[in-house]
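Read-outs: derived from the displayed coordinates by stated rules, not from any lab. This structure is a prediction, so every number in the text was calculated from the model and none was measured. Positions of Cβ are generated from backbone atoms using ideal geometry, with glycine treated the same way; all protein chains shown enter the neighbour counts.
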Amino acid sequence: MRILYLTDTREIGGAERHLVDLAAGMVDAGHEVHLLAPQADLVAYAAREAPGAHAARAFSDAYHDAPTPRRRVAALAAQLRRMAGAFRLIGPDVLHVNNGGWPGSDLLRLAPLAARLAGVNRRIMTVHSNPWPREGRGQSVADQLVWRNTHVIVCPTRAVEAGLGERRGLPPGLAQLVHYGVNAPPGAEAAPELRERLASDGELVVGMVSARPVAQKGYDVFLEALRATAAPVRGVVVGRYPAGFEERAHEAGLGERLDLPGLRRDVGAYYHAFDVLTVPSTGEECMPLVILEAAAAGTPTFGSRLSGIPEAVDDGRSGRVFERGSGAALAALLDEAAADRRAVAEMGAEAERRWREKFTVERMLAEHERLYSGRDATQA
């Protein structure tokens with residue numbers, strides 16, 4: 001099968017990581033895989049992470065910067081013609097569009113029409129984040145254009161599927177739920193030494209992992225929770241964090257209780273070393289891959305009651321969910337966890353069991369192959 005993936009984004013995050021995992025898996029399954037994007041850094045990332053795919057820079061994202069709506073429309077019309085020509089040249093059996101949110105990229109919303117004009121027989125789009133409410137009749141027309149030219153809208157969470165129906169008029173039966181899948185993180189053998197270094201006095205080790213230093217990831221909620229905990233807790237933030245975060249931590253008196261190792265190649269060892277992963281997001285989430293990676297390492301997640309997070313965390317069994325934005329609620333859960341380490345270990349074991357059942361790469365790939373062949377995916 002010849003599969004063409006298309007994406008358009010100026011940031012590389014979880015949706016793009018999912019895309020390259022999918023592309024690499026389809027290459028390994030014996031399919032011919034092409035991946036196109038307007039951004040050179042995104043193409044380089046895909047070529048590095050999915051080396052068997054034919055990754056190339058194509059089309060233009062300059063429409064983002066058009067000074068007037070008329071020029072934006074003209075720029076997109078030119079890209080529509082170019083996409084149709086490129087799709088004819090490649091001749092894919094399947095076009096799979098990777099759209100970060102909704103409405104997301106205008107270029108990507110035109111792609112199913114371009115693919116139909118080019119004679120592509122199977123047209124699929126994944127929508128990764130919760131949709132925005134419509135603004136004006138023009139958006140309604142644009143939505144219907146996508147629905148009429150797409151065979152399947154893949155939703156990684158039920159929250160995204162429900163939002164597309166309620167806010168954007170997604171027709172019943174067009175959506176297919178296919179959860180993300182991740183591989184088990186490496187680094188288990190390095191975790192005991194790392195844990196001893198992080199918490200030599202036996203503190204509860206509570207971590208955040210994020211590559212996007214945006215406020216919506218809940219960094220300040222994490223600080224609030226650490227400051228409010230009564231139990232001995234060690235906080236760790238792996239990855240990037242917003243400007244001023246370190247200063248706010250010191251002002252809160254957390255300098256001795258918080259480690260900031262930055263971006264790490266050995267992030268897998270941290271998943272294994274944590275007692276608890278926290279995902280205190282306050283907005284713009286789908287189903288963070290870090291939850292699934294922590295689960296694969298046998299680590300439970302305490303996450304906000306937001307979007308697809310409760311779908312990844314079975315509250316009270318594989319982790320805990322708490323009110324979005326409430327550092328006090330998270331602090332109370334951390335105090336409970338510190339007082340009952342056995343319960344934490346049991347939640348971690350259940351998280352790993354659920355990962356094996358629902359969130360492996362193998363399952364994700366099998367469900368996408370069924371969609372590509374025209375058969376419905378199944379979701380337990």
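Things to note:
- In this structure the amide hydrogen of Val205, modeled in the peptide plane, comes within under 5 Å of the amide hydrogens of Arg234, Asp275, Val276, none closer than 5 places in sequence on its chain.
- Distances between placed amide hydrogens fall under 5 Å for Gly303 paired with Val279, Arg320, Val321, Phe322, all partners being 5 or more residues away or on another chain.
- Taking only the Cα atoms of the chain, the ratio Rg/Rh comes out at 0.99, with Rh defined as the Kirkwood radius.
- Value at 222 nm in deg cm²/dmol, rounded to 500, when DSSP H runs of n ≥ 4 in the chain each add -39,500 (n - 2.57): -13500 deg cm²/dmol
- Local electrostatic count, Gly244, Cβ distance below 12 Å [Lys/Arg +1, Asp/Glu -1]: -3
- Angle in degrees between helix 341-358 and the longest Cα principal axis of the chain, rounded to the nearest 10: 20 degrees
- Within the stretch 89-108, backbone nitrogen closer than 12 Å to the virtual label 7 Å beyond the Cα of Arg72 toward Cβ: 103-107
- Net charge, Glu189 excluded, C-beta distance under 13 Å - Lys, Arg +1, Asp, Glu -1: -1
- Candidates per trypsin sites (Lys or Arg not before Pro) in the stretch 325-380, loop by DSSP, up to 11 other Cβ within 10 Å: Arg375
- Approximating the spin labels as points 7 Å out from Cα along Cα→Cβ, the Arg197-to-Leu260 distance works out to 1.8 nm.
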